[in-house]
1. Can you give me the number of residues within the range 74-110 that are in a helix (DSSP H, G or I), open to solvent by 70 Å² or more (accessible area, probe 1.4 Å) and more than 15 Å from F148 (Cβ to Cβ)?
2. For the range 4-63, which residues satisfy the criterion of being open to solvent by less than 10 Å² (accessible area, probe 1.4 Å), part of a helix (DSSP H, G or I) and on the phi > 0 side of the Ramachandran plot?
3. Just to be sure, is T342 at pLDDT below 95 and of a type outside the set (K, R)?
4. Between a residue in the range 264-284 that is under 18 Å from P193 (Cβ atoms) and any residue that is surrounded by 21 or more Cβ atoms within 10 Å (Cβ to Cβ) and aromatic (F, W, Y), which pairs come within a Cβ distance under 6 Å, given they are 6 or more apart or on different chains?
5. Could you run through the range 301-323 and say how many residues are in a loop (DSSP other than H, G, I, E, B) and either open to solvent by 50 Å² or more (accessible area, probe 1.4 Å) or over 17 Å from S181 (Cα atoms) (or both)?
6. Which residues, taken from the range 64-73, are assigned to a loop (DSSP other than H, G, I, E, B) and either buried (at least 20 other Cβ atoms within 10 Å of the Cβ) or in contact with a Pro (Cβ under 7 Å, 6 or more places away or on another chain) (or both)?
7. Being more than 21 Å from G211 (Cα to Cα), out of contact with any Ser or Thr (no Cβ under 6 Å at 6 or more places or on another chain) and at pLDDT below 95: is that true of G86 here?
8. Being aliphatic (A, V, I, L, M) and open to solvent by less than 20 Å² (accessible area, probe 1.4 Å) is the filter here, so list the residues in the range 239-278 that pass it.
Amino acid sequence: MRYRNLGGTGIEVSAHCLGTMMFGAVGNPDHEECVRIIHAALDRGINFVDTADMYSAGESELIVGKALKGRRDDVVLATKVHFQMGEGRNRSGNSRRWIVRGVEDSLRRLDTDWIDLYQVHRPDHGTDVEETLAVLGDLVRAGKIRAFGCSTFPAEELVEAYHVSERRALPRFRTEQPPYSILARGIEADVLPVARRQGMGVLTWSPLASGFLSGRYRLGGPVDLTSGRAALTPARFDPAIPGNVAKLEAVERLVELADEIGCSLPELAVAFPVAHPAVTSVIIGPRTMEQMESLVDGAGLVLDDAALDRIDEIVPPGHNLYQPDGVWRPTALTQVAQRRRTLGDRSAG
């Protein structure tokens, strides 16, 4: 396992990060098995573990806390805050009020005195980014976190946060955690270049593209729209939709490439983001021991220029064949009132 510096922090992390979103009620409810998976990943050289308060409503953090007993000093531990936790107001977002509460709750569930990387899970336009940076800086000074970053921020939000930190003499985001895969390469045009210029560490998620690069979905094969991810967002998987056919056609060409190289499709998928110079670590999110072992077994896979050129032919650089799940969309797009003048003010004369 290779190790890389995390965004100029001096913290060395493995090029694979163990993501724990599938540990708990949403994925694998067996705590003991999840603990064994985490231990096996650590024994294979992974020293970077990523979770979030909202994964299975805090259950994932509890599992990670159990697994790290006696091994905490050897692990770079990352978690996140932003999404609604429980009922009531002011239990989500990026405000000082909620972040202070959120970090204490995460520390308790993780059974640790500090968090190595604390990440804002999504942007929050109801809170000034200055407010968010200020409270995160205070948490660093208090020793509760060692560094902080953001997740799934568009490039313009990264630039704004950077300039606010410069103007206000505030600590800055050290990392960004975006979705990135062979089928979703849009961030190559903006997020990754911005992060690289700012010296940010980048830990990417969803290398298997919501399962499309797992080998489970094939062109002409049956697609069960009543279970798993397909049941949650059937429009992303329905083979009757032309955009999904384009994904499946790309998958067939990628399977051919993987066969020529002598690797599995998931191994090819995970090796792809590791090869980008802006990427520090790639999050793998197994649900079972078999999934974890198969992905780590492929850690030594090197994609040469010929293989990467073939991938570029199948999915051009900077191009998304689909919009990754969970990506934050700006209100300038989602709120009609921000895209349309009032009816009486729409004409030019």
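1. As a first pass, look at the range 74-110 and keep what is in a helix (DSSP H, G or I): 74, 96-110.
From what is left, the residues that are open to solvent by 70 Å² or more (accessible area, probe 1.4 Å) are 74, 96-97, 101, 104, 108.
Imposing the further condition that a residue be more than 15 Å from F148 (Cβ to Cβ) reduces the set to 74, 97, 101, 104, 108.
Number of matching residues: 5.
2. G58
3. Values: at pLDDT below 95: yes; of a type outside the set (K, R): yes.
Yes; evaluated as a whole, the condition is true for this residue.
4. Short answer, once both residue conditions are applied: P273/Y180.
5. 6
6. Of the range 64-73, the ones assigned to a loop (DSSP other than H, G, I, E, B) are 68-71.
Listed by number, the list holds a single entry, L68.
7. Details: more than 21 Å from G211 (Cα to Cα): yes; out of contact with any Ser or Thr (no Cβ under 6 Å at 6 or more places or on another chain): yes; at pLDDT below 95: yes.
It is true that G86 is more than 21 Å from G211 (Cα to Cα), out of contact with any Ser or Thr (no Cβ under 6 Å at 6 or more places or on another chain) and at pLDDT below 95.
8. Step one: of the range 239-278, the residues aliphatic (A, V, I, L, M) are 240-241, 245-246, 248, 250-251, 254-255, 257-258, 261, 265, 268-271, 274-275, 278.
Across the range 239-278, the qualifying residues are L248, A250, V251, L254, L257, A258, L265, L268, A269, V270, A271, A278.
The values are calculated or read from the model by the stated rules, or taken from the named source; none is laboratory data. All of these numbers come straight from a predicted model, not from anything done at the bench. All Cβ positions, glycine included, derive from the backbone under ideal geometry; neighbour counts span all protein chains shown. Please note that ligands, DNA and RNA were not included when accessible areas were found on the heavy atoms of the full protein model with its side chains. Shrake-Rupley method; radii C 1.70, N 1.55, O 1.52, S 1.80 Å.
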